[in-house]
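Undergrad: The structure under discussion is supplied below as structure tokens; questions concerning it will follow.
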Ligand SMILES: [Zn+2]
Ligand SMILES: [Zn+2]
């Protein structure tokens, strides 16, 4: 009989033996950055490694996603997903940006593909997989970064996706229907090696389109309706509401202008914004989202423009399952030492958002962090300096946690599955998110 400790040691040895190859996977993804729902090269790389590892899989899920499945050799039991995200951001000044698309891995998702495959290399060691019950489900998910909203709206129009986040769409497609729990490990430039705990913001996404009337900006400005001025007043009105945002709701309201007019010689008639309202709880998101919509209407009212506000289901606040979290913490401590592990309180909200929060509404999971980066997340200086910390150590800690869950007839996975109190069923989740999707039209000239 092989002990749990021996299984973990076998997995660690396998990862250690092939660590240069695992780091190289992450670096290949770094050098081929692709934004959400366009990750074809990254998906091909994942499939190549799944093929080499003998992992059977489904592909082209939500355009580029991949779902593998490996049955343990010790009988039936729960299914545990190990997830990596395929997509990059767009950061044009980033040292590893794509010259054509501007895509760049300024959030470290390339390391997740490495740590996901690395964990599988450890778990697929013959003596390990034979002693696990249930199954391991390695998943490469598209589109975690909620960007390029207008392009994704087109994908929705074309019927290629309904939701604009990869895990949201995976939930709808039923990709997670036979998955019982999940884990992923995200990079950070915070000064620890492995960390876990805390929560994240949920959000609502907005595509805002101001329509005015073009006219000669010199000869006949009085004949025009200036959509840029409408947007400017709208944004001032948004800012006028900031004093109503409460500290405890960790509200973030921010966005970009994606079109500001077409030619300097004409009164701008078509101005578009991509906007975001984040908060730590669903009430704060809903309330502040309506204030922002009201503000955008104020801009249209002031100059007599039209505004169309498309609200889009964003992400939900994160929830780490405590049993999984404690299990991961013990393994993280074994891998990097107690002094290099950070456990955050439940109340810690980093301010960002992830669609792991969506998945956390319907199943137990963990979203730990690994160090190894320097710079500011999503910034041009966010670069992985240490692939040992960013890829290899999380691969080991995740493999060890899967072994804890699925060894000894998967008794711990059964415990997690039966004791977790998911806030929503899949149907409740889909209903809630579909209710976020609303389009408001407002004509300021008629109000
Ligand atoms: Zn990220
Ligand atoms: Zn990110």
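Every read-out reported here was derived from the displayed coordinates using simple, explicitly stated rules and does not represent laboratory data. In this text the structure is predicted, and so the values were computed from the model without any measurement. FYI the Cβ positions are ideal-geometry reconstructions off the backbone, even for glycines, and counts take in every protein chain you see.
Undergrad: Please list 157-166, 103-112 highest first by mean number of surrounding beta-carbon atoms within 10 Å per residue.
TA: By packing density, highest mean first, the sequence is 103-112, 157-166.
Undergrad: Right, another one. Restricting things to alpha carbons, tell me how big segment 181-309 is in terms of Rg and Dmax, in Å.
TA: Calculated on Cα positions, Rg and Dmax stand at 18.9, 65 Å.
Undergrad: Using alpha carbons only, how many degrees (0 to 90, rounded to 10) separate the axis of helix 109-123 from the longest principal axis of the chain?
TA: Helix 109-123 and the main axis of the chain meet at about 20 degrees.
Undergrad: Angle between the Cα long axis of helix 4-17 and the longest principal axis of the chain, 0 to 90 degrees, nearest 10?
TA: Roughly 70 degrees between the two axes.
Undergrad: Here is a further query. Taking every DSSP beta bridge with both residues inside the chain, roughly what % is antiparallel (nearest 5)?
TA: 70 percent
Undergrad: A further question on this structure: Going by a ≥ b ≥ c, the root eigenvalues of the Cα gyration tensor, does segment 104-170 fall in the rounded group (a/c under 1.5), the prolate group (a/b larger than b/c) or the oblate group?
TA: Judged from the Cα gyration tensor, segment 104-170 comes out oblate (a/c at least 1.5, b/c at or above a/b).
Undergrad: Calculate the length of the line joining the C-alpha centroid of segment 19-59 to that of segment 170-236, in whole Å.
TA: What the calculation gives is 27 Å, centre to centre.
Undergrad: Measure nothing fancy, just the Cα-based angle from helix 426-436's long axis to the longest principal axis of the chain, in degrees from 0 to 90, nearest 10.
TA: Tilt relative to the chain: about 20 degrees.
Undergrad: Using just the Cα positions, wrap segment 9-135 in a convex hull and report its mean projected area in square nanometres, one decimal place.
TA: Details: hull surface 31.4 nm².
Its average projected convex-hull area is 7.8 nm².
Undergrad: Here is a further query. Consider just the alpha-carbon atoms of the chain and return their Rg together with their Dmax, both in angstrom.
TA: Calculated on Cα positions, Rg and Dmax stand at 23.2, 88 Å.
Undergrad: Also, quick follow-up: Take the alpha carbon gyration tensor of segment 358-447, find the square roots of its eigenvalues, order them as a ≥ b ≥ c, and report rounded if a/c is under 1.5; if not, report prolate when a/b exceeds b/c, else oblate.
TA: oblate
Undergrad: Suppose a student asked you for the relative contact order of the chain, using Cα pairs under 8 Å spaced at least 6 residues apart; what percent would you report?
TA: 22 percent
Undergrad: A follow-up question, please. Return P(r) of segment 282-438 (all Cα-Cα pairs; 5 Å bins starting at 0; whole %; ordered from short to long distances).
TA: With 5 Å bins starting at 0, P(r) equals 2, 7, 12, 15, 16, 14, 11, 10, 6, 4, 3, 2, 1, 0.
Undergrad: I would also like to ask the following. Add -39500 (n - 2.57) for each DSSP H run of 4 or more in the chain, then divide by its residues: what number comes out at 222 nm, to the nearest 500 deg cm²/dmol? Numbers along the way, then the final one.
TA: Details: 14 runs with 166 residues, N = 447.
So the calculated ellipticity at 222 nm is -11500 deg cm²/dmol.
Undergrad: What distance in nm lies between label points placed 7 Å from Cα along the C-beta direction at residue 425 and residue 173?
TA: Rounded to a tenth, the inter-label distance reads 2.4 nm.
Undergrad: Once you keep just the Cα pairs under 8 angstrom separated by 6 or more residues, what percentage relative contact order results for segment 132-265?
TA: For segment 132-265, the relative contact order is 15 percent.
Undergrad: Please state, rounded to one decimal and in Å, the Kirkwood hydrodynamic radius that segment 113-227 gives when every pair of distinct Cα atoms enters the mean of 1/r.
TA: Answer for segment 113-227: a Kirkwood hydrodynamic radius of 19.2 Å.
Undergrad: Gain in length, residue 338 to residue 385, computed as 0.36 nm per residue apart minus the alpha-carbon separation, to one decimal in nm?
TA: That pair, residue 338 and residue 385, stretches by 14.7 nm at full extension.
Undergrad: Show me the ranking of peptides 143-151, 84-92 by mean Cβ neighbours inside 10 Å, starting with the highest.
TA: Peptide ranking by packing, descending: 84-92, 143-151.
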